[in-house]
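Student: First the structure, which I've put down as structure tokens, then a few questions once you've had a look.
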Amino acid sequence: MANKLGSTAETAAPLGLIVGQVKAWVERCGWVWVEAQVIELRRRQAPTQFLRLRDTSSDVSALVTCTSGVLDAAGPMAEGSMVVARLTPHVYPQRAELTFECSEIRLAGEGRLLAQLEALKRKLAAEGLFDPSRKKRLPFLPQCIGLITGADSAAERDVLTNARLRWPGVRFDVRHALMQGVNSAAEVMTALADLDTEPDVDVIVIARGGGSLEDLLPFSDEGLIRAVAAVKTPVVSAIGHEPDTPILDFVADLRASTPTDAAKRIVPDVAAEAQAVSDARARLRRTLLGRVQVEQAWLDQMRSRPAVRDAAATLGPHFEQVSLARRRIREALARHVGDEQRGLDHALAQCRSLSPRSTLRRGYAIATTAGEPLTSVQQVSVGAGVHLMLADGGLDTRVEKLEKAEERNHHGDEE
């Protein structure tokens, strides 16, 4: 009867029954590994994540569910990544939809390489190799430029030609090395070490043209990255084209988008520098002329002032003040001298009035004997010599008679 169910319109089976039978048959298939491309990925704040995978060889896609842990374990994944996934088919009976539950997913092809490179990048960044403070400044005009590139490569021609167009006198020390393959990183490291020991080399450029992710893998080699971080000479990374970003770009002191861009970054443009010098000289000339004009205007203004134009006119009042002051000083000095002169005359008159000579002029005389002044008649005897000093000279006399004061007073009384 089961075989006849649904075989005719009269024996139509319920939809739920048929969906259930399909679900049972599908889920008996078990899990299977598939290769596909992620064409839609929307992360949610939920335990279950949804993504849509597509077959790259046909227009077939499928809805896939997985846990957040399964998706995180795969590494950095984005739309367009190639993956291999272990899927188990399921049918949701309510909507009769076929979905796949993913229990494990891995990046494949370039996606796997990108995941590995991202892990290495995070490791080196954590060690501080990409820290901007470690970057060394390139010299304005290097004495010599070390260039590591492939022999007879377009990158070599681009760097040499464009650098010499900008600065014809630039010197290069070119070292050839393999730019892809298993031995590429080792050869680049050897050339890098050699150039770092050259005293004239002021900057080192590592350059190659574009290529696939696999072609550029040597420039994400951990050994090469650490070697670039260890050298003392500034390093410029010029690998591939603008979208290419090997790990070398992050550790280098300067990243150039292309080899041609590197040539423009390592030497100045002689024409531009000459123009800059000319412009600077013109600005300096204008500045100096402007300053001279300002100072000349100030000087003209100062010269137009009456005090500068006729200095004597402004000194007239000062001359009068000086003359008046000189006259006052003379008068004050004259008064002071007169007062001092009168005081001196008065003191001189007093001195003269007390002088013995003044007494002599009034008729008195000073008697001395043997150089000693006579103050008593007892100092001499009759016949002794006496010298008399008068106002206008002196007399030598001899004593003929001695008369004491008592005797003279007695004679006076008798008379």
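The values are calculated or read from the model by the stated rules, or taken from the named source; none is laboratory data. Only a predicted model underlies this, so the values are computations on that prediction, with no experimental measurement involved. Here Cβ is always computed from backbone atoms with ideal geometry, including for glycine, and neighbour counts include all displayed protein chains. Heads up: the accessible areas ignore ligands, DNA and RNA and are worked out on the full protein's heavy atoms, side chains in. Shrake-Rupley method; radii C 1.70, N 1.55, O 1.52, S 1.80 Å.
Student: Tell me the chymotrypsin sites (Phe, Trp or Tyr not before Pro) within the range 111-178 that lie in a loop according to DSSP and have at most 15 other beta-carbon atoms within 10 Å.
Tutor: Passing sites in the range 111-178 are Phe140.
Student: In addition: Asp279 to Asp131: FRET efficiency via 1/(1 + (r/R0)^6), r the Cβ-Cβ distance, R0 45 Å, to the nearest 0.05?
Tutor: E between Asp279 and Asp131, to the nearest 0.05, is 0.75.
Student: Would you mind getting me the FRET efficiency between Cys29 and Thr8? Use the beta-carbon distance for r and R0 = 41 Å, nearest 0.05.
Tutor: Plugging the Cβ-Cβ distance into 1/(1 + (r/R0)^6) gives 0.90.
Student: Which whole number of Å³ per residue matches the convex hull of the alpha-carbon atoms in the chain?
Tutor: 618
Student: Can you list the trypsin sites (Lys or Arg not before Pro) in the range 18-105 that are in a DSSP coil and have 14 or fewer other beta carbons within 10 angstrom?
Tutor: Arg28, Arg43, Arg44, Arg95
Student: Something else about it: Could you check how much of the accessible area of the chain is carbon and sulfur, as a whole percent, using a 1.4 Å probe?
Tutor: In the chain, the share of accessible area belonging to carbon and sulfur is 55 percent.
Student: Tell me, what is the percent relative contact order of the chain, built from C-alpha pairs under 8 Å that lie six or more residues apart?
Tutor: 9
Student: Still on this structure, I have one more. Scattering from the C-alpha atoms of the range 190-263 alone, worked out with Debye: what is log10 I(q)/I(0) at q = 0.23 1/Å?
Tutor: For the range 190-263, the Cα-only Debye profile gives -1.02.
Student: What's the whole-number percent of alpha carbon pairs in the range 1-97 lying beyond 16 angstrom?
Tutor: In whole percent, the long-distance tail amounts to 66.
Student: So how far apart, in nm, are the two label points at Gln116 and Ala46 if each is 7 Å from Cα heading toward Cβ?
Tutor: It works out to 3.6 nm between the two label points.
Student: Note the full-extension length gain between Gln379 and His336 as 0.36 nm times their separation in residues minus their Cα-Cα distance, in nm to one decimal.
Tutor: Length difference between fully extended and current span is 10.2 nm.
Student: Select from Ala313, Ser355, Ile329 the residue farthest towards the positive end of the dipole of the range 304-369; place +1 on Cβ of Lys and Arg, -1 on Cβ of Asp and Glu, and compute about the Cα centre.
Tutor: Ser355
Student: Given the C-alpha centroids of the range 358-393 and the range 220-250, what is the distance between them in whole angstrom?
Tutor: About 134 Å separates the Cα centre of the range 358-393 from the one of the range 220-250.
Student: Calculate the spin-label point distance for Lys404 paired with His90, positioning each point 7 Å from the Cα along the beta-carbon direction, and give it in nanometres.
Tutor: Reported label-point gap for His90 and Lys404 is 17.5 nm.
Student: Just subtract the alpha-carbon distance of Asp300 and Glu97 from 0.36 nm times their residue separation and send over the number in nm, one decimal.
Tutor: Result for the pair: 63.3 nm of gain on full extension.
Student: Further question on the same structure: Pairs of alpha-carbon atoms within less than 8 angstrom and 6+ residues apart define the contacts here; what relative contact order does the range 136-212 have, in percent?
Tutor: Over the range 136-212, the number comes to 48 percent.
Student: Tell me the Rg and the Dmax, in Å, that the Cα atoms of the range 258-415 produce.
Tutor: For the range 258-415, the Cα radius of gyration and maximum Cα-Cα distance read 51.3, 160 Å.
Student: Here is a further query. Going Cα to Cα from Lys123, which lysines come in below 23 Å? Please leave out same-chain ones fewer than 8 positions away.
Tutor: Cross-link targets: Lys135, Lys136, Lys232.
Student: Could you give the distance between the Cα centres of the range 15-75 and the range 290-343, to the whole Å?
Tutor: Cα centroid to Cα centroid, the span is 108 Å.
Student: Right, next: Give the calculated FRET efficiency between Thr287 and Phe140 to the nearest 0.05, with a Förster radius of 22 Å applied to their Cβ-Cβ distance.
Tutor: Once rounded, the FRET efficiency stands at 0.35.
Student: Work through the residues other than Val267 whose Cβ is under 11 Å from its Cβ and net out their charges, Lys, Arg +1 and Asp, Glu -1.
Tutor: Cβ neighbours under 11 Å give a net charge of +2.
Student: Name every cysteine in the chain that ends up alone, with no second cysteine's Cβ under 4.7 Å, or say none.
Tutor: Cysteines of the chain left without a disulfide-compatible partner: Cys29, Cys144, Cys351.
Student: Loop only by DSSP, 16 or fewer other Cβ within 10 Å of the Cβ. Give me the trypsin sites (Lys or Arg not before Pro) in the range 223-283 that pass, ordered by residue number.
Tutor: Of the trypsin sites (Lys or Arg not before Pro), the ones in loops of the range 223-283 whose Cβ has at most 16 other Cβ atoms within 10 Å are Lys232.
Student: Label-point separation (nm) for Met389 and Leu360, each offset 7 Å from Cα along Cα-to-Cβ?
Tutor: 0.6
Student: Enter the accessible area per residue of the chain (Å², integer; probe 1.4 Å; all protein chains in place).
Tutor: So the chain comes to 65 Å² accessible per residue, rounded to a whole number.
Student: Relative contact order, percent, of the range 183-241 when contacts are C-alpha pairs under 8 Å separated by at least 6 residues?
Tutor: Relative contact order comes out at 50 percent.
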